[in-house]
Amino acid sequence: MRLTTETIGEVTVVALPGDHLDAGLVEEFKRDIAPLLEGRGRVVFDLSALRFVDSAGIGALLSCLRRMTGAGGDLKLFGLAPAVRATFDLARMHRIFDTYDTKEAAVAAFEG
């Protein structure tokens, strides 16, 4: 999986490629995201390319959040397409993840 990163101040923005994160991609995602989370306290995932996420994909994102908060950091999400947001709402993930419409808003949330 080709994850791209951008650093804005002390925040690392990781863009998830492709239009889906499902059971078929979860192991590859976990393997490739692990080194990007190491030693970082503030991470934002850009989900704007995603059009579909299933329960396995949500589980992988939850795993990243747990890893970040367990190390004293935090993870925020932005750019959820309507179908992805609907899945998050159905699974009540909107109560667990901090989600934002734009990258700027997600990055700024670390400052407040």
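The values are calculated or read from the model by the stated rules, or taken from the named source; none is laboratory data. From a predicted model like this one, the values you see are computed outputs, not experimental measurements. Every residue, glycine among them, receives a Cβ derived from its backbone with ideal geometry; neighbour counts consider all protein chains shown.
Only residues that are part of a helix (DSSP H, G or I) and either in contact with a strand residue (DSSP E or B) (Cβ under 6 Å, 6 or more places away or on another chain) or without any contact (Cβ under 8 Å) to a residue 12 or more places away in the chain (or both) were counted in the range 96-108, giving 5. With respect to the conditions (1) without any contact (Cβ under 8 Å) to a residue 12 or more places away in the chain; (2) not in a helix (DSSP H, G or I), ALA86 falls short on a single one, namely (2). Filtering the range 1-25 to residues that are assigned to a strand (DSSP E or B), of a type in the set (Gly, Ala, Ser) and either touching a Cys at 6+ places or on another chain (Cβ under 7 Å) or surrounded by fewer than 14 Cβ atoms within 10 Å (Cβ to Cβ) (or both) leaves nothing.
Every residue, every condition in (1) of a type outside the set (Lys, Arg); (2) in contact (Cβ under 8 Å) with a residue 40 or more places away in the chain; (3) buried (at least 19 other Cβ atoms within 10 Å of the Cβ); (4) assigned to a strand (DSSP E or B), yes or no:
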| residue | (1), (2), (3), (4) |
| --- | --- |
| GLU27 | yes, no, no, no |
| ALA34 | yes, no, no, no |
| GLY39 | yes, no, no, no |
| SER48 | yes, no, no, no |
| LEU65 | yes, no, yes, no |
| LYS76 | no, no, yes, yes |
| LEU80 | yes, no, yes, no |
| HIS94 | yes, no, no, no |
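If you check ALA56 against the conditions, is it surrounded by 18 or more Cβ atoms within 10 Å (Cβ to Cβ), assigned to a helix (DSSP H, G or I) and either among the charged types (D, E, K, R) or at pLDDT 95 or above (or both)? No: the conditions fail for ALA56.
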